1. If we keep just the residues of region 27-54 that are among the acidic types (Asp, Glu) and over 20 Å from the mean Cα position of the chain (by Cα), which is surrounded by the fewest Cβ atoms within 10 Å (Cβ to Cβ)?
2. Here are the criteria: (1) outside any loop (DSSP other than H, G, I, E, B); (2) surrounded by fewer than 10 Cβ atoms within 10 Å (Cβ to Cβ). Tell me which single one Asn57 does not satisfy.
3. Looking for something of a type in the set (A, V, I, L, M), open to solvent by 100 Å² or more (accessible area, probe 1.4 Å) and at negative phi - is there at least one such residue anywhere in region 66-87?
4. Output the residues belonging to region 16-32 that are in a loop (DSSP other than H, G, I, E, B) and either charged (D, E, K, R) or modelled with pLDDT of 85 or more (or both).
5. If I ask for residues that are open to solvent by less than 90 Å² (accessible area, probe 1.4 Å), at pLDDT below 90 and not hydrophobic (A, V, I, L, M, F, W, C), which ones from region 97-117 would you list?
6. Going through region 67-126 one residue at a time, which ones are among the small types (Gly, Ala, Ser), in contact with a strand residue (DSSP E or B) (Cβ under 8 Å, 6 or more places away or on another chain) and assigned to a loop (DSSP other than H, G, I, E, B)?
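The values are calculated or read from the model by the stated rules, or taken from the named source; none is laboratory data. Model, not experiment: these values are computed from the prediction. Backbone-built Cβ (ideal geometry, glycine too); neighbour counts: all protein chains shown. Just so you know, the surface numbers come from the protein's heavy atoms only, side chains and all, with ligands and any DNA or RNA stripped out. Shrake-Rupley method; radii C 1.70, N 1.55, O 1.52, S 1.80 Å.
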Amino acid sequence: MKFLIVLALCVVAATATENNDPISQESNVEYNGKYHYHYELKDGSKATQDGVLKSVNAEHNGEAVNGKYSFVGDDGQTYVVSYTADENGYRPVGDHLPTPPPTPESVLKALEYIRLHPYTIPEKKH
């Protein structure tokens, strides 16, 4: 196992380029769980993230995170992704990301019927 880890580190070190050296880097973590970080690399990659601790419900705490990252693809185009991550999941937004097709009318009607006619557990007959 140690051999595989050392081998993986060697491969990563061998494939690393000078273009990934940081141009700028900052981070701040506060005692209340709020944090911020930002970095920019020589290859044009950038990332920024802000997060806070929040109470999801009486029994659980969680994080609410907003961030953005960008990178230059092999095609020379800059790709930008903004995202929010919280108790509702990870929600990325970017011009290059695919969007789902519209929900078919038949599915919308079925969902409305289910909403109006919720399932009830039948009474047991002995």
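1. Step by step, filter region 27-54, then rank; the result is Glu30.
2. (1)
3. No.
4. Asp21, Glu30, Tyr31, Asn32
5. Within region 97-117, none qualify.
6. Gly73, Gly94
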